[in-house]
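The values are calculated or read from the model by the stated rules, or taken from the named source; none is laboratory data. In this text the structure is predicted, and so the values were computed from the model without any measurement. Counting neighbours? That spans all protein chains shown, and the Cβs are built from the backbone with ideal geometry, glycine included. Heads up: the accessible areas ignore ligands, DNA and RNA and are worked out on the full protein's heavy atoms, side chains in. Shrake-Rupley method; radii C 1.70, N 1.55, O 1.52, S 1.80 Å.
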Amino acid sequence: MTASATSAASGATPAVPDLRSAADGIVTLLPEIGDDRLGDPTPCPAYAVRELLAHIHGLATAFRDAGRKDLGPMTGSSPDAELPVLPDDWRTAIPRRLDELVQAWREPAAWEGMTQAGGITLPGAVAGRVALNELVIHGWDLARATGLPYAPDEASMAVSREMLTPAGDDELREGIFGPVVPVPESAPMLDRIVGLSGRRPDWTPADTR
C-alpha cells in the first residue's frame with residue numbers, strides 16, 4: 001500500500017510537498033546567467049535560454065493562479081500557444097513570481113478540489129505536483145544550458161519520479177514529455193528523472209551544432 005493510500009485508510013490528511021526547495025534551485029541560478037547567455041540553446045529544442053526563462057516565469061504565474069483558484073487567461077491558455085517573451089525585469093520578476101508560487105501552494109486549500117492549468121482542468125493535488133515537477137525539470141534544463149551546478153532535493157525528485165513514471169500505454173504522458181530515454185537504474189536519481197522526462201542526461205549545448 002502506498003503512503004497516500006495508507007493515509008487515506010487511516011483518515012489522516014496525506015502529506016503534500018513543499019515547492020520552496022525546487023523554486024530556490026532555480027533562483028540560485030539566475031545571478032550566474034549573463035545577458036550574453038540568453039541566446040544559448042537549451043535541452044528544450046524550441047527554446048533558447050531567453051525563452052526558457054520566460055517559460056519559467058509564465059508557468060510560475062499560471063500555477064500560482066491555479067493554486068489560488070484564480071482561474072482566467074493565465075490558467076486557461078496552453079503554454080505552447082506561442083513562444084514566451086521574457087520581461088525586461090526578469091532578474092527580479094522571476095524570483096518574485098516563484099516566491100508567490102511557493103506561498104500559494106502552502107495554503108491547504110490549493111490542494112483541495114479542482115483547478116486549472118494549461119487549459120486543463122485537474123485536481124489541485126495533481127496540479128501542485130505537476131508544478132513541482134516543472135520546477136525540477138526546467139531547473140535542470142536551465143543549469144544544463146548554462147553549465148551551472150544543479151542538485152534538487154530528494155523529496156522533490158521523488159515527486160518528479162512518481163509524476164513521470166509511465167503507467168501502461170500513457171499517450172498523454174508521452175504527448176507532454178516525449179518518449180522515455182532509457183537510463184540505467186544505477187544512474188543518479190536526477191539522471192533517471194531527466195530520462196523519464198524525455199531528455200538525454202548527457203545533453204550539452206554542442207549537441208545543437
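A residue that is modelled with pLDDT of 95 or more and over 28 Å from Leu38 (Cβ atoms) cannot be found anywhere in segment 74-95.
Residues checked against (1) closer than 23 Å to Ala15 by Cα; (2) at pLDDT below 95:
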position: Trp105; (1), (2): yes, no
position: Trp111; (1), (2): yes, no
position: Ala117; (1), (2): yes, yes
position: Val136; (1), (2): yes, no
position: Ala145; (1), (2): no, no
position: Ala155; (1), (2): yes, no
position: Pro179; (1), (2): no, yes
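Take the residues of segment 186-209 that are among the acidic types (Asp, Glu) and part of a helix (DSSP H, G or I): which is most open to solvent (accessible area, probe 1.4 Å)?
Asp207
Does Arg173 count as charged (D, E, K, R), at pLDDT below 95 and in a helix (DSSP H, G or I)? Answer is yes for this residue.
Just one of the listed residues (Ala15, Ala81, Ala54, Ala109) is open to solvent by less than 40 Å² (accessible area, probe 1.4 Å) and not aromatic (Phe, Trp, Tyr), namely Ala54. Would it be correct to say that Gly39 is open to solvent by 20 Å² or more (accessible area, probe 1.4 Å), touching a helix residue (DSSP H, G or I) at 6+ places or on another chain (Cβ under 9 Å) and not in a helix (DSSP H, G or I)? Answer is yes for this residue.
Against the definition (farther than 27 Å from Lys69 by Cα, crowded, with 16+ Cβ neighbours inside 10 Å and under 15 Å from the mean Cα position of the chain (by Cα)), how does Leu98 come out, yes or no? If you could, list the steps in order and put the result at the bottom.
Details: farther than 27 Å from Lys69 by Cα: no; crowded, with 16+ Cβ neighbours inside 10 Å: yes; under 15 Å from the mean Cα position of the chain (by Cα): yes.
For Leu98, the condition - farther than 27 Å from Lys69 by Cα, crowded, with 16+ Cβ neighbours inside 10 Å and under 15 Å from the mean Cα position of the chain (by Cα) - is not met.
Each residue in segment 73-115 was checked for being of a type in the set (A, V, I, L, M) and farther than 16 Å from Leu132 by Cα, and 8 of them qualify.
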